[in-house]
1. May I ask you to give the solvent-accessible area per residue for the chain, in square angstrom, as obtained with a 1.4 angstrom probe?
2. How large is log10 of I(q)/I(0) for the chain at q = 0.11, 0.15 Å⁻¹ when the intensity is taken from the Debye formula with one equal scatterer per alpha-carbon?
3. Heavy atoms only, probe 1.4 Å: what % of the accessible area of the stretch 8-59 goes to carbon and sulfur, would you let me know?
4. Can you give the calculated 222 nm mean residue ellipticity of the chain, where each DSSP H run of n ≥ 4 adds -39,500 (n - 2.57) and the sum is split over every residue, rounded to the nearest 500 deg cm²/dmol?
5. Running a GNM on the chain with Cα contacts under 10 Å, which residue among R36, R84, R65 ends up with the highest mean-square fluctuation?
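The values are calculated or read from the model by the stated rules, or taken from the named source; none is laboratory data. Since the model is a prediction, treat every value here as computed from it, not as a measurement. When the accessible area is computed, the model is the full protein with side chains, heavy atoms only, and any ligands, DNA or RNA have been set aside. Shrake-Rupley method; radii C 1.70, N 1.55, O 1.52, S 1.80 Å.
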Amino acid sequence: MTEEETRFLLYKASAAYPNQLEIEEETLVVWIERLRPIPFEQALENLDHHIDTNDYFPKIANIIRRDRDFVGEHEQLKLETAERFALLDAWAADVKPPPEGFWNNVRSKLVGEET
């Protein structure tokens, strides 16, 4: 990616997040260095995805990621949580009462009585 393309990405990100402080020259230098090997189209797609899905200014790692079917960490956690809740619901629906005399047997064992 060229320096001009990197500048474009950084300024686009700044425009998308107006509360971001002014971009320091050192920040621009690091972005140019780190984004040099990344294809511009990929970086632009990643930035657009980030802008659409996040409330915070992107880090370089958000721009250089190579997974085009990226699901944000937050989204992944939401999916995993939904799966866990589905499991809990399935388990709750499958609950059956214990066999006759189960609790009496447990109480007996706790007190030290033999059955």
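1. Normalised by residue count, the accessible surface of the chain is 78 Å².
2. Rounded to two decimals, the profile gives -0.53, -0.76.
3. Carbon-and-sulfur percentage of accessible area, whole number: 53.
4. Result for the chain, helices only: -20500 deg cm²/dmol.
5. Residue with maximal mean-square fluctuation among R36, R84, R65: R84.
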